[in-house]
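Enquirer: My questions all concern the structure below.
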Amino acid sequence: MKNTEPNIRPVESPERRGEPRLRRPTSADGSAVWELIAACHPLDRNSLYCNILQCEHFAETCVVAELDGEVVGWISGHIPPNEPDTLFVWQVAVGEKARGLGLAKKMLNAILDRAVCADVDRIKTTITKDNEASWGLFTSFAADRDAPLVRAPHFTREGHFDGRAETEHLVRIGPFGALADVAAA
């Protein structure tokens, strides 16, 4: 059917324009998430069961990105019970097909825009020293949110991982807007 209205254009879904569609995961996404994480070095591969549980139990604080019916992005996170103002980000994965689109930051903002995160004004995550993509994402995110970023070794190679994994640095971002408040004072 031809559009005869001069100023009306047909609506296209985000996927038809080549942009990933962001949504809450379901347990049926667990396997695709597990495979995506396996393809995203240096992420630790959890059990398939763990990813299924994340998709089901933490859907409100996780996100999947789909492109052409394929899961190309994933963020897992949760709000710690004793820190209702904090989103803890567990893993960020962006498949090769979707890299360079700013997808990780879009997914992070999509989670924070949800009602469950209405009281969240800070983020915590852990990052190994050599994970340049994560450092870039979270440094840029902190700048976008006018928030301080503080980092310190947290789970250490010898003290926690018995030498089997690299030290994870705890990264704290927030409160959001704090740097803007200081600049305005």
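Enquirer: With a 1.4 Å probe and all protein chains left in place, how much accessible area per residue does the chain have, in Å²?
Expert: In whole numbers, the chain has 59 Å² accessible per residue.
Enquirer: Expressed as a fraction of 2.2 N^0.38 Å, the rule-of-thumb size for a compact globular protein of N residues, what is the C-alpha radius of gyration of region 86-155?
Expert: 1.12
Enquirer: How would you classify region 42-91 from its alpha-carbon gyration tensor, with a ≥ b ≥ c the square roots of the eigenvalues: rounded for a/c under 1.5, else prolate if a/b is greater than b/c, otherwise oblate?
Expert: prolate
Enquirer: Could you please state, rounded to a whole Å, how far the C-alpha centre of region 113-170 is from the C-alpha centre of region 57-78?
Expert: 19 Å
Enquirer: Further question: Given that just one value was derived from the coordinates, which of (1) 27; (2) 21; (3) 16 is percent of Cα pairs over 29 Å apart?
Expert: Evaluating percent of Cα pairs over 29 Å apart on these atoms matches (1).
Enquirer: Under 5 Å between amide hydrogens, which residues at least 5 positions from Trp90 or on another chain qualify, with H placed 1.01 Å from N in the peptide plane?
Expert: Ser76, Gly77, His78
Enquirer: Calculate for the chain the 222 nm mean residue ellipticity that helices alone would give, adding -39,500 (n - 2.57) per DSSP H run of length 4 or more and normalising by residue count, nearest 500 deg cm²/dmol.
Expert: Helix-only estimate at 222 nm: -7500 deg cm²/dmol.
Enquirer: Right, here's the next one. If the only charges are +1 at each Lys and Arg Cβ and -1 at each Asp and Glu Cβ, what is the size of the charge dipole of the chain around the Cα centre, to the nearest 20 debye?
Expert: 300 debye
Enquirer: For a quick check, take a GNM of the chain with Cα springs below 10 Å and name the residue from Phe58, Phe141, Phe161 with the largest mean-square fluctuation.
Expert: The residue with the greatest mean-square fluctuation here is Phe161.
Enquirer: Restricting to the chain, what percent of DSSP beta bridges are antiparallel, rounded to 5?
Expert: Antiparallel bridges make up about 85 percent of those DSSP assigns within the chain.
Enquirer: Between Ala28 and Phe161, 0.36 nm times their residue separation minus their Cα-Cα distance comes to what?
Expert: Answer, rounded to one decimal: 44.8 nm.
Enquirer: Once both axes come from the Cα atoms, what is the angle between helix 103-112 and the longest principal axis of the chain, in degrees from 0 to 90, rounded to 10?
Expert: So the inclination is approximately 80 degrees.
Enquirer: Of Ala98, Ser140, Ile173, whose Cα points farthest to the positive end of the dipole of region 79-173 (charges on the beta-carbon: +1 Lys, Arg; -1 Asp, Glu; origin at the Cα centre)?
Expert: Checking the options against the dipole of region 79-173, the answer is Ala98.
Enquirer: Take the Cβ-Cβ distance between Glu56 and Val116 as r, set R0 to 22 Å, and report the resulting FRET efficiency rounded to the nearest 0.05.
Expert: Calculated value: 0.90.
Enquirer: Treating the angle as unsigned and between 0 and 90°, give the value, to the nearest 10°, between the Cα long axis of helix 48-57 and the longest Cα principal axis of the chain.
Expert: Tilt of helix 48-57: around 70 degrees.
Enquirer: Find the lysine pairs in the chain meeting two conditions, Cα atoms under 18 Å apart and a separation of 8 or more places or different chains, and report how many there are.
Expert: 4
The values are calculated or read from the model by the stated rules, or taken from the named source; none is laboratory data. Given the structure is predicted, the values throughout are model-derived calculations rather than measurements. We place every Cβ from the backbone using ideal geometry, glycine too, and count neighbours over all the protein chains shown. When the accessible area is computed, the model is the full protein with side chains, heavy atoms only, and any ligands, DNA or RNA have been set aside. Shrake-Rupley method; radii C 1.70, N 1.55, O 1.52, S 1.80 Å.
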